[in-house]
Amino acid sequence: MINDKKKPILEIKNLSKVYRTKRSIFGDSGNDVIALDRISFKIFEGEIFGLVGESGSGKTTAGRLIVKLEEPAEGKIYLENVDLTGLKGKGLRAFRRKVQMIFQDPYQSLNPQLSVLNTVSEPLTVHKIGNGKTRQGLVRQAMKSVGLSPPDDYLHRYPHQLSGGQRQRVAIARAMVLNPRFVVADEPTSMLDASISAQIFNILSDMREKLDLTILFITHSLAAARYLCDRIAVIYRGHLMEMGPAEEVIRNPKHPYTQALIDALPKFGDCGDIKHYGTLLRADSEALGGAGCPFYPRCRVAHRTKCCTGMPRLEEISDSHLVACYYALPGSEIVTEGDACFYAT
Amino acid sequence: MVHAVKTDKNISKRFRWIDPFQEGWSIFKESILGKIGLTLLIIFALMALFSFIPPQIDPMYHPMTGVDPEISHSTGPSARHWLGTDFMGRDLFSQLLAGARVAFMVGVSAAFMSIFLGTAIGMIAGYSGKGIDTLLMRLADMIMVMPTLLVILILSSLFGQLNIWTIVLIIALFRWPGVSRVIRAQTLSLKQRPFIEAARVAGASHLRIIFRHIMPNVLPLSFLYMTFRVTSAIIIEAALAFLGFGDPGTVSWGMMLQWVWKTGHMFNAPYWLLPPGICISLITLSFYMLGRAMDEVLDPRLRKEEGAG
Amino acid sequence: MALLEVENLSIGYRTRKGYLQAVEGVSFCLEEGKSLGFVGESGCGKTTIGMALMGLLPPNGQVTKGRILFEDKDLLQLSDSNMRSIRWQKIAMIFQAAMNALNPVHRVDDQVAEAIQAHNPDLGKTNAMKQVEGLFQLVGIPEDRMRDYPHQYSGGMKQRAIIAMALACRPKLIIADEPTTALDVIVQDQILKETRNLQREFNLSMIFISHDISIVADVCHDIGIMYAGQLVEYGSREEVFRSPCHPYTRALISSYPTLTGKKSQLTPIPGETPNLINPPAGCRFCDRCPGARTSCKTEPPAWEEVGPCHSALCHERKL
Amino acid sequence: MELRRYIFRRIIQIIIIFFVILTVLFLLFRLAPGDPVSRMIDPDMTPEDAELLISQLGLDQPLWTQYVYYVKNFFTGNFGNSFHYGQPVVRIIGDRLPNTILLFTSSIILSALVGIFLGKIASWHKGKKTDTWMTIGALVTHTVFLPWLALIMIWVFAYKLDWFPITGMISEEVWLDPDVGLLAKFLDVLHHMVLPLGTLFLIHFGSYLLIMRSSMLETLKEDYIITARAKGLEEKVIRDHHAAPNAALPVVTSVGLSLAFSINGGALTETVFTWPGIGRELVFSVSHNDYPLAQASFLLIAFVVLVSNLVVDVLYAYLDPRIRY
């Protein structure tokens, strides 16, 4: 596919983010939440990269760091080889033109006091692109491209006069009007009905074709990621567990957590060739703080000492398929129940 | 996709902003409280307007300096003095009219100032967060635990008699924290809302975000609080005047009450005791009712109630 | 004899914008020990049906037509106090937002015990608590967490507590309204599995309400597809999914991404759902339907048997 | 035990706030136009006594030293002598404080309890006559001008009907008579308290009623109320056990937030009824230019408000299990 170009547009190196809970001057120690723990990956030009994880896995944090809504605790983000950390002034403005975000909840991501025209044209106004007339032209074009046509029917409406799907399309139009290079889509369909979701998926995938766009698609659904993405990465409690071409990761998951995710998905439609892995313990006990693999407490195949002392590194096991698990590496494949150490609570 | 639009295509594109206003007005109209409040307010406004007339007719109707040459004591209502006269023979009705003017003046100007301060400080604190937020909110907490009336008492013990504008200023300075807490909370929750983040991602500056995205969303709340601040300002001024610390150059309802109380007429001059008290109570009531009716208009939860699942 | 029989149920809401016909002419029946799933998009009336079965419609909502026969009694004719004794004892409910379904200022076990004691007033507090213990064991909540407050629970545990509560009086029928919507896939899977096991164990009848077609497909014997306040297709799971008949059902299935099959198959449904304050005269789906004819716009469709246990509300007469 | 830590933190906060108030008052006093010395010195004093007082207060020293004196005097309870009473201010204040606390706390507690109860009833009958009349009644009593209401109460119940004494807190004949027992004395105070308490109650219960009503209406829309209904609980149980406790929490908060405003009303009530409390003393001393007394009463009132705020917050934390500081 597009992968053969292999020109990275975004590169993330050892990215960490810690949320400090409020502390008072009298020193009651809050619990710090590690949202991301030294993750690294690259996104290639023109691809749709899926970041899949459950709530609290850090997937949204990663997206927010990339669009600079938040600053990382550690690590670097490079967009087209420009370091984003500490970007200010002119550099930041140029960056804002290139990178946009689509938010999860279209009911919250549009200002109720602004009309569709004002919402979609805001990025143009901010970046001083064109004048009143040419701006309207660009807005109309963006709205047509997300299927809000004829645009005149929508331009002067307010968000409360739109349905959820229409709102999300307005939000996409707002992101696209600047003709960005890179878009972070943070669960853009989780608040929408299934039939509307499919519309949004198709709009995103059209956009990529037409505008030569790169998209980071953040989702909790492996199925949606499979449908839309070229490559996916599975994230769990701030760690990347597995990364690779979408089909490959879903057909041939190596990490017990990915396997558990696939197990857990309700089987629907034609599912003859989906395997059942059974890698999950029934009781999910609390996470052990410390150096071990975060999935250790729930993992059926984990080794009692090896897995709870060190987090395995993300390593390539086959062509561009990376896994962070001791048992997925060539030579240590003991994913059979006989050899695995049973950890019972 | 097309069919959904057809129905309101012929509604003109212009004046869309008027929709929410009309919707709000229709909810407001249904509220009995709103209607009573508005009617009362119009009556008081007319009183304030007409307060200029009596002194024009005859100098003895001047609320402050006018004295009926024929009587120099308190008398009951008569054709000459519709509500009677006070202890030195001044016309109570013209005093009552003048009191309406003072009440509006004090209430609206103090409320406006404190709302302006409260909104600005609340937005700044909520939006900037961290140190500035803590500092401003500690200041607000501190002022909030100060009983305004007693503070003004202490100040007048230090600075002597305060004039009406000083009183208004002090009321404004001490009544903003409540507003700013509400506005700050609203700003904080708005700041979390993705549309603010979307504006940031689009590259909007902080000023643009504050004025374009946050302010339009907090202003309705500010206006709501303004009605409540008007009542509290009127009450504080009236109480101050009642205790004898009002501006001696004005005739306010509180001062009328002080005179009836201090000159020992309260047991035998109901025509003097009742009108100013009723007026103060009703004007605060009307602003309060107006506020509650507006609250219903603004409360989005109330409208959500009818959404069927 | 069916446990629950609903005939021609219509429910409306009075709103500021006008009268909203949320549910119209819905009929179905449910046997003992079976489960029935309602699937539809938000605002299609599925939650309203659940609330009507419990007799818990909001004050502005009203059943305008139809009957709800439960064990041969019409629930709509019952007095308030009779209805109250049926609630939870015969029909229990698992709520959509488990997060908010527990009262934050009371302890979880007290809230479960309360349900038991409300229907067995003679049972002492200690006996009730013993039952609660058993229930919590059943759904897998550790004993030392029983006396916690709801905010100390994770989402999955709250949902488990709600399930324990639903089972408290050994009801015949449980209505589960989006029981797993707020949960992650793995927890959702566990909860669904447990629900299925409990259903089998206690021979419960269940009504599943969900927007997620895959969950219903996973759990239910019979399936009802709802669109814009109407039931548009009804039948056994196998029939409905193997040979979907109504164009909406077909569209719904094909717009759902799966882990298998070809990627290009995802076809979205164009357009938006109609406004229920002024519903279209004919078929409500005709504006979005690929095979709609002009007559679809004006004539309301009628129920059509398409199989032994399978019917659809469509003008198209062929299977 | 987190709660204990929270209380500790709040106490420190109160001390800081109090210091700020103390300092601001000091600065205002020195910066205000006019001679600070003459303000602190009783015009009737002999020059020798005045001399002594000036050195005692450090008024002849530089500003910074004066501040040190001021703080030291404050902590040793040396507020000087009241001009009017000719007694140490501390003694006067100590006398008045219990009276204020008695009237103030009993009125707050009474009006909060009644307000919560009636608000619950009103919300339960939302839209019906009971609700309409209760709401209107609450609005009217809440917005009525307090001193005027007090005057009307006196006029009607003390003057016309002669049920209660017009002013004061005790009857001299009862308290000076050695044969009268404690119970009779107590009843005498109660007799005097009815009107001021009634006035404060009427003013305050309305706002609590309105807050409780709207908070209750909010609560009744919560999902756990539907759960409770679905469980087949009696409506009364739902109202009293599930809705009311949650709905009452905002009322507690509002009690805390409105304390400062309530104390204004307290001072006015004390003044009209000549209830020998601190509020009245403050008003009295300000109108008689008795600065030492005014300053001390103000500081004490500020202190009372701060502490009651703390009490309310702790009460809130105790009532809401979600709050763990």
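The values are calculated or read from the model by the stated rules, or taken from the named source; none is laboratory data. The structure displayed is predicted, hence computed values, not measured ones. Note: ideal-geometry Cβ built from the backbone for every residue, glycine included; neighbour counts use all protein chains shown. Ligands, DNA and RNA are stripped out before the accessible areas are found, and what is left, the full protein with its side chains, is counted by its heavy atoms. Shrake-Rupley method; radii C 1.70, N 1.55, O 1.52, S 1.80 Å.
Looking only at residues in the stretch C:126-156 that are without any contact (Cβ under 8 Å) to a residue 12 or more places away in the chain and over 29 Å from the mean Cα position of the chain (by Cα), which one is least open to solvent (accessible area, probe 1.4 Å)?
Only one residue fits best here, namely C:Asn127.
Does D:Leu57 satisfy being crowded, with 20+ Cβ neighbours inside 10 Å and free of Cβ contacts under 8 Å to residues at least 40 places away in the same chain? Don't jump to the end; show me each part of the working.
Values: crowded, with 20+ Cβ neighbours inside 10 Å: yes; free of Cβ contacts under 8 Å to residues at least 40 places away in the same chain: yes.
Yes: the conditions hold for D:Leu57.
Can you go through A:Lys68, A:Lys76 and tell me which one is within 19 Å of A:Leu36 (Cβ to Cβ) and not in a loop (DSSP other than H, G, I, E, B)?
Details: A:Lys68 fails: not in a loop (DSSP other than H, G, I, E, B).
Matching residue, one of A:Lys68, A:Lys76: A:Lys76.
Going through the stretch B:140-165 one residue at a time, which ones are among the polar types (S, T, N, Q) and within 13 Å of another protein chain (Cβ to nearest Cβ)?
Our first condition is that a residue be among the polar types (S, T, N, Q); within the stretch B:140-165, this holds for B:148, B:156-157, B:161, B:163.
Within the stretch B:140-165, B:Thr148, B:Ser156, B:Ser157, B:Gln161 qualify.
Only residues that are over 17 Å from A:Asn179 (Cα atoms) and either in contact (Cβ under 8 Å) with a residue 12 or more places away in the chain or at the interface with chain A (Cβ under 7 Å from one of its Cβ atoms) (or both): list them for the stretch B:196-207, please. Break it down stepwise before answering.
Keep residues of the stretch B:196-207 that are over 17 Å from A:Asn179 (Cα atoms), which gives B:196-197, B:205-207.
Listed by number, the residues that qualify are B:Ile196, B:Glu197, B:His206.
Here are B:Tyr288, B:Tyr225: which of them is closer than 24 Å to D:Leu139 by Cα and away from chain D (no Cβ under 13 Å)?
Numbers: B:Tyr288 fails: away from chain D (no Cβ under 13 Å).
So the residue among B:Tyr288, B:Tyr225 that is closer than 24 Å to D:Leu139 by Cα and away from chain D (no Cβ under 13 Å) is B:Tyr225.
What number of residues within the stretch B:50-68 are polar (S, T, N, Q) and either touching an Asp or Glu at 6+ places or on another chain (Cβ under 8 Å) or open to solvent by less than 20 Å² (accessible area, probe 1.4 Å) (or both)?
The number of residues fulfilling the criteria is 1.
Does B:Ala238 qualify as being more than 14 Å from chain A (Cβ to nearest Cβ), under 19 Å from the mean Cα position of the chain (by Cα) and small (Gly, Ala, Ser)? Let's see the steps before the verdict.
Details: more than 14 Å from chain A (Cβ to nearest Cβ): yes; under 19 Å from the mean Cα position of the chain (by Cα): yes; small (Gly, Ala, Ser): yes.
Criteria met by B:Ala238.
For the stretch B:69-104, which positions are surrounded by fewer than 20 Cβ atoms within 10 Å (Cβ to Cβ) and charged (D, E, K, R)?
Of everything in the stretch B:69-104, those that are surrounded by fewer than 20 Cβ atoms within 10 Å (Cβ to Cβ) and charged (D, E, K, R) turn out to be B:Glu70, B:Arg80.
Taking the options D:Ile101, D:Ile93, D:Ile109, D:Ile17, name whichever one is crowded, with 18+ Cβ neighbours inside 10 Å and away from every other protein chain (no Cβ under 14 Å). Outline the logic, then answer.
On the way: D:Ile101 fails: crowded, with 18+ Cβ neighbours inside 10 Å; D:Ile109 fails: crowded, with 18+ Cβ neighbours inside 10 Å; D:Ile17 fails: away from every other protein chain (no Cβ under 14 Å).
Result of the check over D:Ile101, D:Ile93, D:Ile109, D:Ile17: D:Ile93.
Across the stretch A:248-258, what is the number of residues that are without any contact (Cβ under 8 Å) to a residue 40 or more places away in the chain and within 18 Å of the chain's Cα centre (by Cα)?
2
Among what's in the stretch C:1-47 and is within 11 Å of another protein chain (Cβ to nearest Cβ), of a type outside the set (Ser, Thr, Tyr) and open to solvent by 30 Å² or more (accessible area, probe 1.4 Å), pick the residue that is nearest to C:Ile175 (Cα to Cα).
It comes out as C:Gly43.
Among the candidates B:Ala172, B:Ala185, which residue alone is within 18 Å of D:Ser254 (Cα to Cα) and among the small types (Gly, Ala, Ser)? Spell out how you get there, then give the answer.
Numbers: B:Ala172 fails: within 18 Å of D:Ser254 (Cα to Cα).
Answer to the check: B:Ala185.
Which one of C:Thr273, C:Thr249, C:Thr260 is more than 30 Å from C:Arg16 (Cα to Cα), within 14 Å of chain A (Cβ to nearest Cβ) and crowded, with 20+ Cβ neighbours inside 10 Å? Spell out how you get there, then give the answer.
Working: C:Thr273 fails: more than 30 Å from C:Arg16 (Cα to Cα); C:Thr260 fails: crowded, with 20+ Cβ neighbours inside 10 Å.
Criteria check complete, one pass: C:Thr249.
Output the qualifying pairs, or none if there are none: Cβ atoms under 8 angstrom, residues six or more apart or on different chains, first residue in the stretch B:14-36 and assigned to a loop (DSSP other than H, G, I, E, B), second residue at pLDDT 80 or above and of a type in the set (A, V, I, L, M, F, W, C).
B:Ser31/B:Ala293
Can you tell me which of (1) among the aliphatic types (A, V, I, L, M); (2) within 8 Å of chain B (Cβ to nearest Cβ); (3) open to solvent by less than 20 Å² (accessible area, probe 1.4 Å) is the one D:Leu299 doesn't meet?
Status for D:Leu299: all satisfied but (2).
Considering D:Phe201, D:Phe261, D:Phe186, which residue is open to solvent by less than 60 Å² (accessible area, probe 1.4 Å) and in a helix (DSSP H, G or I)? Even if it seems obvious, please write down each step before you answer.
Details: D:Phe261 fails: open to solvent by less than 60 Å² (accessible area, probe 1.4 Å); D:Phe186 fails: open to solvent by less than 60 Å² (accessible area, probe 1.4 Å).
From the options D:Phe201, D:Phe261, D:Phe186, the qualifying one is D:Phe201.
For the stretch B:233-249, enumerate the residues that are at pLDDT below 90 and over 18 Å from B:Trp261 (Cα atoms).
B:Gly249
Looking only at the stretch D:144-160, filter to residues that are in a helix (DSSP H, G or I) and free of Cβ contacts under 8 Å to residues at least 24 places away in the same chain; which one of those is nearest to B:Ile278 (Cα to Cα)?
If we filter the stretch D:144-160 for residues that are in a helix (DSSP H, G or I), which is where we start, we get D:146-160.
Still in the list and also free of Cβ contacts under 8 Å to residues at least 24 places away in the same chain: D:148, D:152, D:155-156, D:159-160.
On the way: D:Trp148: 8, D:Ile152: 11, D:Trp155: 15, D:Val156: 16, D:Tyr159: 20, D:Lys160: 20 Å.
Among those that are in a helix (DSSP H, G or I) and free of Cβ contacts under 8 Å to residues at least 24 places away in the same chain, it is D:Trp148.
Quickly run through the stretch A:211-267 and pick out the residues that are over 12 Å from A:Gly53 (Cα atoms), of a type in the set (Phe, Trp, Tyr) and in contact with a strand residue (DSSP E or B) (Cβ under 6 Å, 6 or more places away or on another chain).
Once the filter is applied, which keeps residues that are over 12 Å from A:Gly53 (Cα atoms), of a type in the set (Phe, Trp, Tyr) and in contact with a strand residue (DSSP E or B) (Cβ under 6 Å, 6 or more places away or on another chain), the stretch A:211-267 yields nothing.
Can you pull out every residue in the stretch D:249-277 that is more than 10 Å from every other protein chain (Cβ to nearest Cβ) and in contact (Cβ under 8 Å) with a residue 40 or more places away in the chain? Give the derivation first.
First, pick out the residues of the stretch D:249-277 that are more than 10 Å from every other protein chain (Cβ to nearest Cβ): D:250-255, D:269-270, D:273-277.
Across the stretch D:249-277, the qualifying residues are D:Val251, D:Val252, D:Thr253, D:Ser254, D:Val255, D:Thr269, D:Glu270, D:Phe273, D:Thr274, D:Trp275, D:Pro276, D:Gly277.
All but one of (1) modelled with pLDDT of 80 or more; (2) in a loop (DSSP other than H, G, I, E, B); (3) open to solvent by less than 60 Å² (accessible area, probe 1.4 Å) hold for A:Lys254; which doesn't?
(3)
Looking at this structure, is D:Ser287 more than 14 Å from chain C (Cβ to nearest Cβ), surrounded by 20 or more Cβ atoms within 10 Å (Cβ to Cβ) and closer than 30 Å to D:Asn73 by Cα? Steps first, please.
Numbers: more than 14 Å from chain C (Cβ to nearest Cβ): yes; surrounded by 20 or more Cβ atoms within 10 Å (Cβ to Cβ): no; closer than 30 Å to D:Asn73 by Cα: yes.
No, not satisfied.
Examine the stretch B:227-248 for a residue that is surrounded by fewer than 18 Cβ atoms within 10 Å (Cβ to Cβ) and touching a residue at least 24 places away in the same chain (Cβ under 8 Å), and state whether such a residue exists. Steps first, please.
Pass one, the stretch B:227-248, residues surrounded by fewer than 18 Cβ atoms within 10 Å (Cβ to Cβ): B:248.
Those still in the list that are touching a residue at least 24 places away in the same chain (Cβ under 8 Å) too: B:248.
Yes, the stretch B:227-248 contains at least one residue that is surrounded by fewer than 18 Cβ atoms within 10 Å (Cβ to Cβ) and touching a residue at least 24 places away in the same chain (Cβ under 8 Å).
What number of residues within the stretch B:29-47 are at pLDDT below 90 and surrounded by fewer than 17 Cβ atoms within 10 Å (Cβ to Cβ)?
4
Provide a single number: the residues in the stretch A:113-134 that are part of a helix (DSSP H, G or I) and either within 27 Å of the chain's Cα centre (by Cα) or surrounded by 19 or more Cβ atoms within 10 Å (Cβ to Cβ) (or both). Spell out the reasoning first.
Restricting attention to the stretch A:113-134, the residues satisfying the condition of being part of a helix (DSSP H, G or I) are A:116-126, A:132-134.
If we keep only those that are either within 27 Å of the chain's Cα centre (by Cα) or surrounded by 19 or more Cβ atoms within 10 Å (Cβ to Cβ) (or both) as well, we get A:116-117, A:119-124, A:126.
Number of matching residues: 9.
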